[in-house]
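The values are calculated or read from the model by the stated rules, or taken from the named source; none is laboratory data. The model shown is predicted, which means the values in this text are computed figures rather than measured ones. Because the Cβ atoms are built from the backbone with ideal geometry, glycine has one as well, and the counts that use them run over all protein chains shown. We work out accessible area using only protein heavy atoms, side chains counted, and drop any ligands, DNA or RNA first. Shrake-Rupley method; radii C 1.70, N 1.55, O 1.52, S 1.80 Å.
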Amino acid sequence: MKSPLLSLPGAVPAEGVDEGVAAHYGDLFREQRALADGAGFVDLSHRGVVTVTGDDRLGWLHLLLTQHVSDLPAGQATEALILSANGHIEHALYLVDDGRTVWAHVEPGTQGELIAYLESMKFFYRVEVADRTAEFAVVHLPAGSIAEVPDGIAVRETAYGRDLFLPRTDLEAYAEKAGPAAGILAYEALRVEQHRPRLGFETDHRTIPHELGWIGTAVHLQKGCYRGQETVARVQNLGKPPRRLVFLHLDGSEVHLPPAGTEIRVADEGPDGRKIGFVTTSVRHHELGPVALALVKRNVPVDARLMADTTAAAQETVVEP
């Protein structure tokens, strides 16, 4: 879904999964600095929006999600996952309940499969699931923002900022008040700095929550009765995940960033050394320079010097080995 804000001055369209919104508006670092200072907004209107209504909505979702939501207070933001039967991550939901409706935004294009799964699990519960992507756009205000929030809309407030579920018809008018606009690349740079994983970027077909640090933030360990819970409990109580998320400081002398999927090796083993992981997201940060998130094998020493293809990388622990 193409955002009308791509008509703003300087807008350069994003590509890939984030197609439909702006990558940037002409000055990537200025946009990053503005967000870090609590100014401006990010157009996330390409993300899917799903609602769940009905008297049983929270109790029903509690049975399906990794998060404890049966008693979720109105207005309290949370995030949750849906796992496969083997415990692999299939969906990530960013939720808030407004007292009558659960609002969630999800990765672009994933709402169809998510809704199909939720519909298959309704049984006798008094719930209604709807795709509201065509009606509502997600807008992100950074932490510290003093931008006005319109009355009567659902808002997710977290330590990283506020996500507004704004009627699409109001998007252009709101952008005029909430500016300056920042592109998705600025948002992603801050996400990487904050070590926050993203579905489809830090995940592949075999990722489990422990590898990305999603235990606690998106997975509640004191609840059961959801698909994949056995894997979560077994790894938590009896073992360790096979991989772990790391934050990489990349060699700033390189012109190009190593793209997602770039193989990582231990520097001391040379260019023919064994592959021990891969880059998941790489960005240019306004203060830190080129940085990345990556998944590496759990037993890689935390002080090992790494190479992302030909780019030297120093690792910073995100998930403990």
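Ranked highest first by the average count of other Cβ atoms within 10 Å around their residues, in what order do 185-197, 275-287 fall? List each step's numbers first, then the result.
Details: 185-197: 21.2, 275-287: 19.3.
Descending packing order for the listed peptides: 185-197, 275-287.
In this structure the chain gives 45 Å² per residue of accessible area when probed at 1.4 Å with all protein chains present. Run a plain Debye calculation on the range 10-66 (Cα atoms as equal point scatterers, no solvent) and give log10 I(q)/I(0) at q = 0.25 Å⁻¹, rounded to two decimals, same order as the q list. For the requested q values the scattering log ratios are -1.00. Classify the range 1-101 from the C-alpha gyration tensor, please: rounded if a/c falls under 1.5, else prolate or oblate depending on whether a/b exceeds b/c. Prolate. Note on the chain: Lys pairs 8 or more places apart or on different chains, Cα atoms under 26 Å apart, count 6.
Can you give the calculated 222 nm mean residue ellipticity of the chain, where each DSSP H run of n ≥ 4 adds -39,500 (n - 2.57) and the sum is split over every residue, rounded to the nearest 500 deg cm²/dmol? Provide the component values of the computation, followed by the final result.
Numbers: 6 runs with 55 residues, N = 321.
Result for the chain: -5000 deg cm²/dmol, rounded to the nearest 500.
For the range 1-108, averaging the sequence separation of C-alpha pairs within contact (under 8 Å, six or more residues apart) and dividing by the residue count gives a relative contact order of 21 percent. Seen from residue 37, the other residues with C-beta closer than 13 Å to its C-beta sum to a net charge of 0, counting Lys and Arg as +1 and Asp and Glu as -1. Sequence-distant contacts, meaning Cα pairs under 8 Å at least 6 residues apart, place the relative contact order of the chain at 19 percent.
Assign unit charges at the C-beta atoms only (+1 for Lys and Arg, -1 for Asp and Glu), then state the dipole size of the range 30-114 relative to its Cα centre in Debye, rounded to the nearest 20. Before the final figure, lay out the partial values.
Details: 5 positive and 12 negative charges, 36 e Å.
In debye, rounded to 20, the range 30-114 gives about 180.
Within 14 Å, Cβ to Cβ, of residue 191, how many net charges do the neighbouring residues add up to if Lys/Arg are +1 and Asp/Glu are -1? So the surrounding residues net to -4.
Taking only C-alpha pairs under 8 Å that are 6+ residues apart, what is the relative contact order of the range 212-309 in percent? Each step should come with its number before you reach the end.
Numbers: 143 pairs, mean separation 28.9, N = 98.
In percent, rounded to a whole number, it is 30.
Got a number for carbon plus sulfur as a percent of the range 197-309's accessible area, 1.4 Å probe? Summing carbon and sulfur atoms, their accessible area is 50 percent of the total for the range 197-309.
Taking every DSSP beta bridge that has both ends in the chain, the antiparallel portion is near 95%.
With the Cα gyration tensor of the chain giving a ≥ b ≥ c as the square roots of its eigenvalues, does the rule (a/c under 1.5 for rounded; else a/b larger than b/c for prolate; else oblate) give rounded, prolate or oblate? Mind showing how you got there, number by number?
Numbers: a/c = 2.12, a/b = 1.15, b/c = 1.85.
It comes out oblate by the Cα gyration axes.
For the range 55-137, what does the alpha-carbon gyration tensor say about shape, rounded, prolate or oblate, given a ≥ b ≥ c as the root eigenvalues, a/c under 1.5 as rounded, and a/b over b/c as prolate? Note, shape of the range 55-137 comes out rounded. In the range 117-164 the Cα-Cα distances spread across 5 Å bins starting at 0 as 5, 16, 20, 15, 13, 14, 10, 5, 1 percent of all pairs.
How big is the dipole moment of the chain about its Cα centre under a simple scheme where the beta carbon of each Lys and Arg is +1, that of each Asp and Glu is -1, and everything else is neutral? Debye, nearest 20, please.
820 debye
The Kirkwood radius of the range 121-227, taken over pairs of alpha-carbon atoms, gives through the Stokes-Einstein law at 10 °C and 1.306 mPa s a diffusion coefficient of 94 µm² s⁻¹. Shape summary of the range 167-302, radius of gyration then Dmax from alpha carbon positions: 18.4, 56 Å.
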